[in-house]
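Everything on this sheet refers to the single structure shown next.
The values are calculated or read from the model by the stated rules, or taken from the named source; none is laboratory data. Owing to the predicted nature of the structure, the values given are computational and were not obtained by experimental measurement. Quick reminder, even Gly has a Cβ in these numbers, built from the backbone with ideal geometry, and neighbours come from all protein chains shown.
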Amino acid sequence: MWSPRTAVVSVFYSFVGSGPIRPPSHAWVLELGILVEWRQYLQGRLVSAAYQDEGNKSEEESKLFVSHFSLRSCQRCGGPTRRARAPFCSLQCATESGPGGRFSNQSYDDNAWDDDDNGDDESCIYCHRNLRVDGRLYCGRRCAQSASQQAPMILPISENDPKFREIENQFYDSWREPDKDVPTVQWISKIVQSKELTDRYYAYRDSVEEEGAFTLRGMAPGNECRRWHGTPRLCRIGEGPRRTGLCNNKNCGVCGIIDESFRLDKCGRSGRQGAGFQRFGRGIYSSSTSSKADGYVEDGSQYGAMLLTTVVVGTGYRALVDKRSWTEPPPRWHSVLGKVGVRLKYDETVVYGEDTICPSWLIVFR
């Protein structure tokens, strides 16, 4: 039976010719919903072919095909949009098109860079055009370097992103306080820090791995773990794709950590739960329990915000009693793990160096 969709498919066959077909972008295939086999083939194999001039004529013809037959073209660059109703192909084009480089309600659709409503969005979190490479968040080195050069910053991800669902599930699964209702995750953004800060973190992680050989025991390098951290947020950063700028309020813990990472001289100064009290001394505290970290969240808006960090736990010392005078873990240990039972209702992970922990994701919930 004839339909516009089958007509487009037949044109594609006649345009590209016989042989292995490499559609120009994962988003385009999802938009038209052509063949399930194509989508499966594209997973992990197609690397931005339509947006790179590799001297391959068929790929250039495919790019031309999409430019002419996609349902809508980007109002700024002229490239194919990711959705039929989207005026722009990416968040970057939407930002640059607005007056003064800002968004406007008339020219930007909040979901313009989302993938198909029912499909996975596995596009680069920076350009939102090309597929990610090797399971990473970027389509290539260029986008990764561009993001790093603009750091500190946050990059919102779509709710259709598999990484969104992974973090969302971790938030829900680790909420263990029965007396507090589980909030709903609204937005998640990737935190991008300066190369200097990330290099220092990875250098420390690698040194701990070299010492402990954790990967040989099936662990992450340096026994790196994801932990929740609650801190005050005095602005509206992270509330949707428009609110990505850091504020200048020195008391905003979220923006301060995104900007400078964790600083020992600011630890224990804030949080509505036990402000100033540090059970295991002067260190940086986090927890695998999201409801535990929520006790240290302060927010002036209707939403709460929490950081998901990566911590080099290494070999952790399990502490049962308070050690408020500690400024470092015991010799031959890398961190302190507050054990649940005697003094603690929920776990705590404590590290005593600023290079031992890195903010990774910003989660906004309600």
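Being surrounded by fewer than 19 Cβ atoms within 10 Å (Cβ to Cβ) and assigned by TED's automatic domain parsing to the domain that holds Arg236: is that true of Thr356 here? So Thr356 does not fit the description; no. Considering Val311, Val342, Val350, the condition of being crowded, with 24+ Cβ neighbours inside 10 Å and out of contact with any Phe, Trp or Tyr (no Cβ under 9 Å at 6 or more places or on another chain) is satisfied by Val311 alone. Hey, among the residues in segment 315-354 that are small (Gly, Ala, Ser) and under 33 Å from the mean Cα position of the chain (by Cα), which one's nearest to Lys292 (Cα to Cα)? The residue in question is Gly338.
Flag: Arg205 does not match the condition of being of a type in the set (Lys, Arg), modelled with pLDDT of 95 or more, buried (at least 21 other Cβ atoms within 10 Å of the Cβ) and not in a helix (DSSP H, G or I). Within the set Phe262, Phe214, the sole residue that is in contact with an Asp or Glu (Cβ under 6 Å, 6 or more places away or on another chain) and either outside the structural domain of Arg282 (by TED's automatic domain parsing) or not β-branched (Val, Ile, Thr) (or both) turns out to be Phe262. When the residues of segment 250-282 are filtered to those that are polar (S, T, N, Q), under 24 Å from Val192 (Cβ atoms) and surrounded by 14 or more Cβ atoms within 10 Å (Cβ to Cβ), the one that is modelled with the highest pLDDT is Ser261. Set side by side, the residues Arg233, Arg242 differ, and just one is under 21 Å from Ile157 (Cβ atoms) and more than 18 Å from the chain's Cα centre (by Cα), which is Arg233. Looking across segment 286-343, just one residue is in contact (Cβ under 8 Å) with a residue 24 or more places away in the chain and on the phi > 0 side of the Ramachandran plot, and that is Gly314. Across segment 172-202, the qualifying residues are those that are closer than 28 Å to Gln149 by Cβ and loosely packed, with under 14 Cβ neighbours inside 10 Å, and the one among them that is nearest to the chain's Cα centre (by Cα) is Lys195.
Scanning segment 245-254 for residues that are part of a helix (DSSP H, G or I) and more than 16 Å from the chain's Cα centre (by Cα) gives a single hit, Gly253.
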